[in-house]
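Visitor: First the structure, then my questions, so here it is.
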There are 2 protein chains.
Amino acid sequence: MPERPGVRDVLHQSALLNKLEAHALEELASACRMEPAEKGETIWLSGKHTDYFGVVGVGFVKMVKTVETGQDLTHEIMGPGQVFGLMGTVDGCGCPLEARAVTGTWYVRVPKADFLKVYGSSHELKDVLIRRASVRLHVAHDMISRLSTGSVSNRVGAVLQILAGDYGHETAEGVEIRIPLRRQDIAELAGTTVESTIRVLSKWQKEGKIRSGTQSIVITDLEAMARESRI
Amino acid sequence: MPERPGVRDVLHQSALLNKLEAHALEELASACRMEPAEKGETIWLSGKHTDYFGVVGVGFVKMVKTVETGQDLTHEIMGPGQVFGLMGTVDGCGCPLEARAVTGTWYVRVPKADFLKVYGSSHELKDVLIRRASVRLHVAHDMISRLSTGSVSNRVGAVLQILAGDYGHETAEGVEIRIPLRRQDIAELAGTTVESTIRVLSKWQKEGKIRSGTQSIVITDLEAMARESRI
DNA sequence: CCCTGGTTATGACGCAGGTCATACGATGGG
DNA sequence: CCCATCGTATGACCTGCGTCATAACCAGGG
């Protein structure tokens, strides 16, 4: 389990919440609580109405939808500073996705009521939220395009590209995705099976396009990956 | 070609724009222009920056993404009173989708600049927009789930359910979708091929679950359709 | 040290559905 | 009225990938 961070530090990291005035942020922070989650632990269940939303402090959280047949699919991976479950907060319906810790995680619980007090009158927060929704919609539409017309490798490539863009570190070798994801996790993001994901990644590994360890994946051939993930 | 409606009537129909004060709406209306589009005509191209967004007056418009291979996929069908291309307006990026008329259509061109003047200071408009974005995101995620784990018939069923919910008319026979959609259009919505769509719809027709004419489709067995489209 | 459970890896097999070919029924223009 | 064009319909074929089975590997606990 990583070390427990401070509530204020985490809220400051959020590109959304740090738009708040210092005193408003302070007041909000004093109503929040830092909470741990074990690897694999469910933070909340899909559709469940909670009285808070989350901000990731350290670790990673995935937003999961479980379908009838029991398969899970992950719509998003949230990392440090990212807010999750907020859309459900402001539109009044609960979050339709389950939040589950990918790694040992510390996250801040922000009480909805306290947030809504400052949110309701803030044009800036609303503007940021709309922009984020727009981006997410965009990403979702791209995924739909790839699912309709693309191949499994196309989607796995896109997932790696997105993760690299959001959480990648530039290294001498290439872009490193420092998230301890299993093949299963990647499969859930790409909307396919573990086996297919393994086949694709093994192939790329042999071709020298990526290098994968247990704790990270490095995209060594960025150009090839861009080609693979093109819509 | 249907008869040309009035700009003010159309703007009033919009659940978004009629949130505006009467005088603000009137001012906006005076800056707008009613525009026709033939069946199949492109209103704007994907990614193209226009200085306006649209509100459907009569007819239907589809929001299309064309992929590398030349296949089109439709993310949404917009009907009377619906606003399209607005997300691209408020987030500054252009609309990533092509707008194309499904039928003979009249739509209002609302100049972005005039809209943004009233939008920037309106909490109500922003709230509505966020809610809409939230719903659309939800729908997109459901589609992703179905594309990942469901079958073609599952998706075609979902498309019919959604269209029925948005534009359905209750009749003695069942719910009628009064949009002159070709099998091709439905295929693009469901992310599959015409042939597969035809097979599914023919089968359902034989089983008495739907009845399809050239100008409309009637869902006669609502329960069966709900079963087919379940995630 | 071994045992157990989780993860990666690989082969064999089957099928849903994409692709191609063909035909028939509508609709509309000359 | 005929012909051209578009949409619907249906069969035959083929393949990507999901499914199942099996094995190797690795880490942690007793």
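Visitor: Does the range A:78-118 come out rounded, prolate or oblate by the C-alpha gyration tensor, with a ≥ b ≥ c the root eigenvalues, rounded set by a/c under 1.5 and, if not, prolate when a/b is larger than b/c and oblate if not? Don't jump to the answer; show the numbers that get you there.
Guide: Numbers: a/c = 2.61, a/b = 1.52, b/c = 1.72.
Cα axes put the range A:78-118 in the oblate bin.
Visitor: Report, in listed order, any pair from B:48/B:112; A:117/B:126; B:19/B:48; A:19/A:126; B:39/B:62; B:19/B:126 with a Cα-Cα distance greater than 19 Å.
Guide: Numbers: B:48/B:112 14 Å; A:117/B:126 16 Å; B:19/B:48 28 Å; A:19/A:126 11 Å; B:39/B:62 11 Å; B:19/B:126 11 Å.
The answer is B:19/B:48.
Visitor: For the protein assembly as shown, give the magnitude of the charge dipole about the Cα centre (Cβ charges: +1 Lys/Arg, -1 Asp/Glu; no others), in debye to the nearest 20. Don't jump to the answer; show the numbers that get you there.
Guide: Working: 56 positive and 58 negative charges, 163 e Å.
Its charge dipole is roughly 780 debye.
Visitor: Right, something else. Quick check: pseudo-label points 7 Å beyond the Cα along Cα→Cβ at residue B:222 and residue B:205, how many nm apart are they?
Guide: 2.4
Visitor: Count, for each residue of A:113-120, the Cβ atoms from other chains sitting within 10 Å of its Cβ, then give me the mean as a whole number. List each step's numbers first, then the result.
Guide: Working: counts 0, 0, 0, 0, 0, 0, 0, 2.
Neighbouring Cβ atoms belonging to other protein chains average 0 per residue here.
Visitor: Check residue B:104: other-chain or 5+ apart residues with amide H under 5 Å from its amide H, H built from backbone geometry?
Guide: Under 5 Å from the amide H of residue B:104: B:39.
Visitor: Is the shape of the protein assembly as shown best called rounded, prolate or oblate, per the rule: a/c under 1.5 gives rounded, else a/b larger than b/c gives prolate, else oblate, with a ≥ b ≥ c the square roots of the Cα gyration tensor eigenvalues?
Guide: Taking the square roots of the gyration eigenvalues as a ≥ b ≥ c, the protein assembly as shown is oblate.
Visitor: Let me ask another. In Å², rounded to the nearest 100, what is the total accessible surface buried by chains B and A against each other with a 1.4 Å probe?
Guide: Numbers: alone 11960 and 11990 Å², together 20420 Å².
Chains B and A together bury roughly 3500 Å² of accessible area.
Visitor: Please state the charge dipole magnitude for the range A:150-229, taken about the Cα centre, from unit charges on C-beta atoms (+1 on K and R, -1 on D and E), reported in debye and rounded to the nearest 20.
Guide: Values: 10 positive and 11 negative charges, 59 e Å.
In total the dipole reaches around 280 debye.
Visitor: Here's another thing I want to ask about it. Using only the heavy atoms of the protein chains and a 1.4 Å probe, how would B:223, A:173 rank by accessible area, largest first?
Guide: Numbers: B:223 135, A:173 85 Å².
Greatest to least solvent exposure: B:223, A:173.
Visitor: In the range A:178-203, which residues have a backbone nitrogen under 17 Å from the label point lying 7 Å from residue A:66's Cα in the Cα-to-Cβ direction?
Guide: Backbone N within reach: A:185, A:188-189.
Visitor: Would you rank B:211, A:227 by solvent-accessible area, highest first, keeping every protein chain in place and using a 1.4 Å probe? Walk me through the numbers before you get to the answer.
Guide: Working: B:211 100, A:227 130 Å².
Result, largest first: A:227, B:211.
Visitor: Please work out whether the range B:44-191 counts as rounded, prolate or oblate from its C-alpha gyration tensor, where a ≥ b ≥ c are the square roots of the eigenvalues and a/c under 1.5 means rounded, while otherwise a/b larger than b/c means prolate and anything else oblate? Spell out each step's value before the answer.
Guide: On the way: a/c = 1.62, a/b = 1.48, b/c = 1.09.
Cα axes put the range B:44-191 in the prolate bin.
Visitor: A further question on this structure: Placing +1 at every Lys and Arg Cβ and -1 at every Asp and Glu Cβ, with all other atoms neutral, what dipole size does chain A have around its Cα centre, in debye to the nearest 20?
Guide: The dipole magnitude comes to about 440 debye.
Visitor: I would also like to ask the following. Summarise the partner chain shielding of B:144-153 as one whole number: the mean count of Cβ atoms from other chains within 10 Å of each residue's Cβ.
Guide: Working: counts 10, 9, 4, 8, 13, 10, 3, 0, 0, 0.
Mean shielding count: 6.
Visitor: Would you calculate the separation in nanometres between label points at residue B:123 and residue A:195, each defined as 7 Å from the Cα along the Cα-to-beta-carbon direction?
Guide: In this crude spin-label approximation the distance works out to 5.6 nm.
Visitor: May I ask you to order A:122-135, B:153-166 by the average number of other C-beta atoms within 10 Å around their residues, highest value first? Don't skip to the answer; put the middle values down first.
Guide: Working: A:122-135: 17.3, B:153-166: 21.2.
The peptides rank, most packed first, as B:153-166, A:122-135.
Visitor: A further question follows. For chain A, set up a Gaussian network in which alpha carbons nearer than 10 Å are linked by springs, and say which option among A:88, A:57, A:79 fluctuates the most.
Guide: Between A:88, A:57, A:79, it is A:88 that shows the largest mean-square fluctuation.
The values are calculated or read from the model by the stated rules, or taken from the named source; none is laboratory data. From a predicted model like this one, the values you see are computed outputs, not experimental measurements. Glycine gets a Cβ as well: all are built from the backbone with ideal geometry, and neighbour counts include every protein chain shown. Surface areas here come from the heavy atoms of the whole protein model, side chains and all, with no ligands, DNA or RNA. Shrake-Rupley method; radii C 1.70, N 1.55, O 1.52, S 1.80 Å.
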